[in-house]
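Here the structure comes first, spelled out in structure tokens, and everything after it is commentary.
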Amino acid sequence: MAGPLIVVGIFALIILFAIFSYFFPFGLWVSAVASGLSIGPAKLIAMRIRKINPYDIITPAIMLLKAGINIDLDLLESHYLAGGRVANVASALIAAQKAGINLSFKQATAIDLAGRDVRDAVSLCVKPKVINTPLVAAMAKNGIQVKAIARVTVKADINKLVGGATEETILARVGEGIVTTIGSAESHEEILENPDRISKVIQDKGLDANTAFEILSIDIADVDIGENIGAKLQIDQSEADMKIARAKAAERRAMAEAKEQEMKAYEQEMKAKLVEAEAAVPQAIADALKEGNMGILDYYTLKNISSDTEMRKSFSAMAEPTKKLTR
């Protein structure tokens, strides 16, 4: 009976030791005390109870202490509970101290909680970064397209990282400056002869205002000639004018044809009325003779006039082909 009880007791001791080791990381406490960090066992146990990993607090605290930066553990815990990266903040504070950059713990935690990498921010303050704009195309006043790529050297401003515009804003402003400079040139040759003109105009505009960066230099990496946009626009305009002219001509032709059809219809109507009137003439003459309003001599006089008119029409018809042949 004693054997199983001993096994159970040993097993219980192991479990208790594991639980105790979890809540009180003895090795970490020894490292902290050996490094000169004043912390009691109760502090470590309290961190575990608050669901804080002691290693994420104590290790950065030892780093800061060795670098001569004294930060209260409660501040580190508060930043951890707020979702911050304590190790990043500690590394950034140490790097800033070594580089002679005035960075407070409050600034570092604000930058970290804003979603920026505070270590990279400090690194950018020390070592400038080069960013290239995408290919920007614009048209000079003579209608020739010019394409350019700019290389922008920037340095982070630690005091503007929170609330300051990002690299995308810098690139957008530089691109706008390139378009403005090329568009104001009388000829594309001015840009090709002096590409620095673009960078000088852009730098004078203070494009780094309200951004998290300071522009150190803007250099034109590449300049190339694109299409003759002016000539293309003129060709397109000419084609559009031609289409408009053709449409108007077709409209006038349709109106003329409609007018012609209207005139033909009118002539046919007049001919029909004339035929109708001519058909009524014999009956009218007969009625006039019957009623005594016209004598027989008057009748023959009308017949002679009609015959004379028909004869003149036949002579005119015979003479018309002769005139055409003479011409």
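The values are calculated or read from the model by the stated rules, or taken from the named source; none is laboratory data. Since the model is a prediction, treat every value here as computed from it, not as a measurement. We place every Cβ from the backbone using ideal geometry, glycine too, and count neighbours over all the protein chains shown. For accessibility, only protein heavy atoms count, side chains too; no ligands or nucleic acids. Shrake-Rupley method; radii C 1.70, N 1.55, O 1.52, S 1.80 Å.
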- Query: By how many nm would the segment from D72 to M255 lengthen if fully extended, with 0.36 nm per residue of separation less the alpha-carbon distance?
  - Reply: 56.5 nm
- Would you mind telling me the share, in percent, of accessible area of the range 75-134 contributed by carbon and sulfur at probe 1.4 angstrom? 54
- Query: List the trypsin sites (Lys or Arg not before Pro) in the range 44-135 that DSSP assigns to loop (not H, G, I, E or B) and whose Cβ has at most 16 other Cβ atoms within 10 Å. Which are they?
  - Reply: R50, K51
- Message: Check which residues have an amide H placed less than 5 Å from G226's amide H, if you skip close sequence neighbours.
- Response: Q145, V146, K147
- Message: Can you compute the modelled spin-label distance between D224 and I49, with each label point 7 Å from Cα toward Cβ, in nm?
- Response: 6.8
- Query: Around I94, what is the net charge, scoring Lys/Arg as +1 and Asp/Glu as -1 over all other residues with Cβ under 10 Å from its Cβ?
  - Reply: +3
- Amide H neighbours of L216 under 5 Å, counting only residues 5+ apart in sequence or on other chains, H built in-plane at 1.01 Å? T153, V154, K155
- Message: Suppose each label sits 7 Å from its Cα in the direction of the beta carbon; what would the K98-N132 distance come out to in nanometres?
- Response: 3.1
- Cα to Cα, under 18 Å, and not fewer than 8 places away if on the same chain: which aspartates and glutamates meet these conditions relative to K271? E260, E262, E310
- Over the range 81-234 - Rg/Rh using Cα atoms and the Kirkwood inverse-distance radius: 1.14
- Query: Local charge sum around E77 (other residues, Cβ-Cβ under 15 Å, Lys/Arg +1, Asp/Glu -1)?
  - Reply: +1
- Spatial extent of the range 68-161: Rg and Dmax, with the Cα atoms as the point set, Å: 19.4, 67
- Message: Set the bar at 20 Å for Cα to Cα. Now go through K141/K243; K129/K160; K98/K127; K106/K127; K160/K200; K66/K155 and name every pair that lies beyond it.
- Response: K141/K243; K106/K127; K160/K200; K66/K155
- Message: Please give me the summed charge of the neighbours of V174: other residues whose Cβ is under 15 Å from its Cβ, Lys and Arg +1, Asp and Glu -1.
- Response: -2
- Note on the structure: The answer for T211, listing residues at least 5 apart or on another chain whose modeled amide H is closer than 5 Å to its amide H, is A165
- Qualifying aspartates and glutamates (Cα of each under 16 Å from Cα of K248; at least 8 residues distant if same chain): E239, E257
- Item | Accessible area (Å², per residue) of the range 65-197, counting only protein heavy atoms and a probe of 1.4 Å | 50
